[in-house]
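Below is one structure, written out as structure tokens, with a few remarks after it.
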Amino acid sequence: MADLSTWETLPVAGAVRPGVAPRTLTGGWRTGERPAVDVSLCVNCLLCWLYCPDSAVTLSGETFTGFDLDYCKGCGICADVCPVAAIAMVPE
Amino acid sequence: MSDVRLLTGGEAVAHAMRQVDPDVVPVYPITPQTPIIQTFAKLVADGQASTEIVNVESEHSAMSAAIGAALAGGRTMSATSSQGLALMAEVVYIAASMRAPIVMALGNRALSGPINIHCDHSDSMLIRDSGVVQLFAENAQEAYDLMVMAPRIAEDPRVLLPVLVCLDGFTITHSAEPVSLLPDDDVTRFVGPYSVPNAVLDTTSPTTQGPFAMPDYYFELRRQQAAALETALDVLEEVALDFERLSGRRNGALEAYRLEDATRALVALGSTAGTIKDVVDELRDEHELAGLLRLVSFRTFPTAAVAAALDECTHVAVLDRADSPGGTPPLHAELAAALYGSDVELTGHVYGLGGRDLHPSDVRAVFTGTPTPYLGLRGERCLV
């Protein structure tokens, strides 16, 4: 908590400027399950990347590489939309 | 040149609104506030103000629309009473936390139940801790004056909070008195242009406003809001000084009436002060050292100034026009805190609930007789 703003240094009413969302590591909101992928099954359709509400699917260029667990909230949408069942939700 | 007109307090407030000419007024009618918006709506319809009046479906919506308008960059006013404020209360807290400088007239009226339309201060006290400024007028002139001053306090960058101008229902809202109006141009210059730090419609500098705050930030944001309310007291005095230069009338945080050598003082809010002043004058004629401390600013509460004003008194009686069932009435509690450690004899008295008249004889009894905790109540008289 020591590196957080004090009441004197916070913007009035906590107004938030663009571009600061990455500072909030929302992956801490996951409650027990994270996505795991079997890359040998992945067909790189990128549906998981398209559907992820937290932009937590990582790419290298246009190639699927995995998940950014700093932001993944464990909602399971990626596993649900994966057409080849390459993604499964597993206990943390 | 002063323009003196015979106006009710409600009409006087409406004329202040005409002269301030806010951009937006979202409002829902309710007795005894209705004459304010009724008069103002006619002034707008007659082309005397350029305000967009938004006829919303409830007071909850009125305050919600007011937040949007004020933060979008438009000067915003509204008015309500009693149940309207109760319905609005949820959003009043949000307006304060989003630091929306909305000015609202409150025609003070008892909260239900039983349902009642007449004056007491239970509606104000319902939102006592919401973080808004609450200023209480004694009469129609002061209601007008405070309504002209309020935007300057609300919009000051050190404050940025809603300001409520409270006027006793019927006693002030519906009673006609001579009211001196300032020239329109003077009011325009006095309030100046409207600005907020992060107007949400400024696309060159977009912001998220009213963000979710978890345990890591909620406490800091609440403290920031409380600090702004503390500063509002200094800003009120600055604005009062400017207003005095313009009008010759001084409306500061409190009024000490014949208090300089008083040993017995009453403390009260609102129109009742008029009755008390008459009784103080009578007692002074009888060589009694009686005085009145009238609070204009209930929030922010001017604790230090109250303690200083009552420093020489031996007996202080607080008149609350709202009860706190199971506890200490709000003004009494504030005075007990302000005078803590002094050897003054402090008593508290609830009066005037639901519009019950307070007679000069009731006031005199508090000064000189056997004071009771409930003034003007039928039933057994128990000692304080």
For this session: Might you let me know whether segment A:30-40 holds any residue that is in a loop (DSSP other than H, G, I, E, B) and closer than 30 Å to B:Met98 by Cα?
Result: yes
Exercise. Looking at segment B:77-92, which of the residues that are out of contact with any Lys or Arg (no Cβ under 7 Å at 6 or more places or on another chain) and of a type in the set (S, T, N, Q) is farthest from B:Ile53 (Cα to Cα)?
Worked result: B:Gln83
Exercise. Do we have any residue at all in segment A:38-51 that's exposed (fewer than 12 other Cβ atoms within 10 Å of the Cβ), β-branched (Val, Ile, Thr) and away from chain B (no Cβ under 14 Å)?
Worked result: yes
Problem set entry | Subset of segment A:1-25 (residues that are under 16 Å from the mean Cα position of the chain (by Cα), within 11 Å of chain B (Cβ to nearest Cβ) and either modelled with pLDDT of 90 or more or under 19 Å from A:Phe67 (Cβ atoms) (or both)) | A:Ala21, A:Thr24
For this session: Specify which of the listed residues (B:Ala265, B:Ala213, B:Ala290) is buried (at least 17 other Cβ atoms within 10 Å of the Cβ) and either closer than 25 Å to B:Ser124 by Cβ or in the same structural domain as B:Leu160 (by TED's automatic domain parsing) (or both).
Result: B:Ala265
Exercise. Any idea which residue in segment B:206-220 is farthest from the chain's Cα centre (by Cα), counting only those that are at the interface with chain A (Cβ under 8 Å from one of its Cβ atoms) and over 14 Å from A:Ser5 (Cβ atoms)?
Worked result: B:Pro206
For this session: Hey, can you tell me all the residues within segment B:223-252 that are touching a residue at least 40 places away in the same chain (Cβ under 8 Å), farther than 14 Å from B:Val159 by Cβ and either within 14 Å of chain A (Cβ to nearest Cβ) or not in a helix (DSSP H, G or I) (or both)?
Result: B:Arg249, B:Asn251, B:Gly252
Exercise. Say we look at segment B:159-195 and pick out the residues that are closer than 14 Å to B:His15 by Cβ and acidic (Asp, Glu); which of these is nearest to the other protein chains (Cβ to nearest Cβ)?
Worked result: B:Asp186
Exercise. Hey, does segment B:106-125 have a residue that's more than 14 Å from every other protein chain (Cβ to nearest Cβ), basic (Lys, Arg) and touching a Pro at 6+ places or on another chain (Cβ under 7 Å)?
Worked result: yes
For this session: State the number of residues belonging to segment B:133-157 that are within 14 Å of chain A (Cβ to nearest Cβ) and either over 26 Å from B:Ala256 (Cβ atoms) or buried (at least 24 other Cβ atoms within 10 Å of the Cβ) (or both).
Result: 3
Exercise. Would you pick out the residues in segment B:189-221 that are closer than 28 Å to B:Ala305 by Cα and either small (Gly, Ala, Ser) or free of Cβ contacts under 8 Å to residues at least 24 places away in the same chain (or both)?
Worked result: B:Glu220
Exercise. How many residues does segment B:103-117 contain that are out of contact with any Leu (no Cβ under 9 Å at 6 or more places or on another chain) and either under 23 Å from B:Ala14 (Cα atoms) or modelled with pLDDT under 95 (or both)?
Worked result: 2
For this session: Select, from B:Ile153, B:Ile172, B:Ile117, B:Ile102, the only residue that is over 25 Å from B:Val239 (Cα atoms), touching a residue at least 60 places away in the same chain (Cβ under 8 Å) and among the aliphatic types (A, V, I, L, M).
Result: B:Ile117
Problem set entry | Subset of segment A:26-37 [within 14 Å of another protein chain (Cβ to nearest Cβ) and surrounded by fewer than 12 Cβ atoms within 10 Å (Cβ to Cβ)] | A:Gly28
For this session: Give B:Leu346, B:Leu353, B:Leu339, B:Leu319 a once-over and let me know the one that is more than 17 Å from B:Leu233 (Cα to Cα), in contact with a Phe, Trp or Tyr (Cβ under 8 Å, 6 or more places away or on another chain) and buried (at least 17 other Cβ atoms within 10 Å of the Cβ).
Result: B:Leu319
For this session: Name the single residue, out of those in segment B:253-264 being within 22 Å of the chain's Cα centre (by Cα) and more than 18 Å from B:Pro162 (Cβ to Cβ), that is farthest from the other protein chains (Cβ to nearest Cβ).
Result: B:Tyr257
Problem set entry | Count of segment B:196-205 residues which are more than 7 Å from chain A (Cβ to nearest Cβ) and either under 9 Å from A:Gly14 (Cβ atoms) or of a type in the set (S, T, N, Q) (or both) | 3
Exercise. Considering only strands (runs of 3 or more DSSP E) fully contained in segment B:1-108, which possess at least 3 residues that are closer than 26 Å to B:Gly248 by Cα?
Worked result: B:3-8, B:103-108
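The values are calculated or read from the model by the stated rules, or taken from the named source; none is laboratory data. What you are looking at is a predicted structure, and each value in this text was computed from that prediction instead of being measured. Because the Cβ atoms are built from the backbone with ideal geometry, glycine has one as well, and the counts that use them run over all protein chains shown.
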